[in-house]
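Participant: One structure coming up, written as structure tokens, with questions to follow.
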Amino acid sequence: MNILKATKRTVTSTGKINKLRTDGFIPAVLYGGRKDNINLSIKKLQVEDILKTETFMSQAVNLDIDGQSEKVLPRDIAYDPLSDEPIHIDFMRVVAGSVLTLEIPVKFINLDKSPGIKKGGVLNTVRRKVELKCPAENIPNEIVVDLDKTEIGSSLKISSVKLPENVTPSITDRDFVIATVVSPTIVVEPEKTEEGAVEGEPGAEGVVAGEVAEGETKQEEGKEKAAKPSDEKGKTEKGKPAQNVKEAPANKTKETKKK
């Protein structure tokens, strides 16, 4: 069980509490039981690593307050929205004989002994934490789930987990699933032909994209020629339209005027 040292805090104003944080302390409060609430301050250095663990919020600790020991349970942590640093911690006294509802983290063991995972199966975690009702004297640090002999398609339910004495799940109306071993998800990529076209798309049946474009161009040229009649015969040698030019009769000679 972790031991944290704390000192009683007398300052309560916002300015002095901010000064406390600047000096490397985290303000805290202890409540619960039949004793009065106590304002505390804890050195930030001694809790930085513990705060990052999954078990901090579900693990009882001994709080050494100026030499007097109290068994407590962390109940809430406030973080600065900008720096994400802890700025306040709430502790609750653990009273003997009481029952606490806590979210206990799940730990999986013997992954290397699972036949299903050896065959390529994947562990699908449904619950990373399980809510349990725990006596104050018997709070587990974690729930151990054994993957030994699990095949693909196996469902690991709460009934298959060995819980400590007098520890029960808060959900009692069903045998809920914690994790399953499932087949791997395979993403099938479309096959490509030698020309690089994807099978099933235009160009996949041996037609190269350049040939398609050339064929379309020839079709457009054919349509354009059909729509516009050729005017080669309607042009003179100089290239001007010959629409108003009339050919002279072949046998007609010039007439002379009689005086």
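Participant: Looking at the stretch 63-75, which of its residues are in contact with a Leu (Cβ under 8 Å, 6 or more places away or on another chain) and surrounded by 14 or more Cβ atoms within 10 Å (Cβ to Cβ)?
Facilitator: Leu63, Asp64, Ile65, Glu70, Lys71, Val72, Leu73
Participant: Considering only residues that are at pLDDT 90 or above and over 19 Å from Cys134 (Cα atoms), look in the stretch 175-196 and name the one that is surrounded by the fewest Cβ atoms within 10 Å (Cβ to Cβ).
Facilitator: Ser183
Participant: Go through the residues of the stretch 129-143 one by one and say whether even a single one is touching a Phe, Trp or Tyr at 6+ places or on another chain (Cβ under 8 Å), touching a residue at least 12 places away in the same chain (Cβ under 8 Å), among the charged types (D, E, K, R) and outside the structural domain of Met57 (by TED's automatic domain parsing).
Facilitator: no
Participant: Now a separate question. Restrict the check to the stretch 50-67 and report whether at least one residue is out of contact with any strand residue (DSSP E or B) (no Cβ under 7 Å at 6 or more places or on another chain) and at pLDDT 90 or above.
Facilitator: Within the stretch 50-67, none of the residues are out of contact with any strand residue (DSSP E or B) (no Cβ under 7 Å at 6 or more places or on another chain) and at pLDDT 90 or above.
Participant: Tell me, which residue of the stretch 1-48 that is hydrophobic (A, V, I, L, M, F, W, C) and more than 17 Å from Leu73 (Cα to Cα) is surrounded by the fewest Cβ atoms within 10 Å (Cβ to Cβ)?
Facilitator: Selected residue: Leu45.
Participant: Can you tell me which residues in the stretch 43-78 are under 19 Å from Glu142 (Cβ atoms) and assigned to a helix (DSSP H, G or I)?
Facilitator: Matches in the stretch 43-78: Asp49, Ile50, Leu51, Phe56, Met57, Ser58.
Participant: Could you look through the stretch 109-132, keep only residues that are within 21 Å of Met92 (Cβ to Cβ) and surrounded by 15 or more Cβ atoms within 10 Å (Cβ to Cβ), and pick out the one that is nearest to the chain's Cα centre (by Cα)?
Facilitator: Filtering first and then ranking leaves Lys129.
Participant: Consider Thr12 carefully, then state whether it is among the hydroxyl-bearing types (Ser, Thr, Tyr) and over 36 Å from the mean Cα position of the chain (by Cα).
Facilitator: yes
Participant: Output the number of residues of the stretch 166-182 satisfying the condition of being out of contact with any Phe, Trp or Tyr (no Cβ under 8 Å at 6 or more places or on another chain) and more than 19 Å from Thr101 (Cα to Cα).
Facilitator: 4
Participant: If only one of Glu137, Glu131 is over 30 Å from Arg21 (Cβ atoms) and either assigned to a strand (DSSP E or B) or in contact with a Pro (Cβ under 8 Å, 6 or more places away or on another chain) (or both), which one is it?
Facilitator: Going through Glu137, Glu131 in turn, the sole match is Glu131.
Participant: Next question, about the same structure. Here are the criteria: (1) at pLDDT below 90; (2) surrounded by 17 or more Cβ atoms within 10 Å (Cβ to Cβ). Tell me which single one Leu100 does not satisfy.
Facilitator: Among (1) at pLDDT below 90; (2) surrounded by 17 or more Cβ atoms within 10 Å (Cβ to Cβ), Leu100 violates only (1).
Participant: Moving on to the next point. Is at least one residue of the stretch 1-8 of a type in the set (Gly, Ala, Ser) and under 34 Å from the mean Cα position of the chain (by Cα)?
Facilitator: no
Participant: Can you tell me which residues in the stretch 96-122 are assigned to a loop (DSSP other than H, G, I, E, B) and closer than 21 Å to Glu165 by Cα?
Facilitator: Ala96, Gly97, Ser98
The values are calculated or read from the model by the stated rules, or taken from the named source; none is laboratory data. Keep in mind the model is a prediction, meaning the values are calculated, not measured. Positions of Cβ are backbone-derived with ideal geometry, glycine not excepted, and every protein chain shown enters the neighbour counts.
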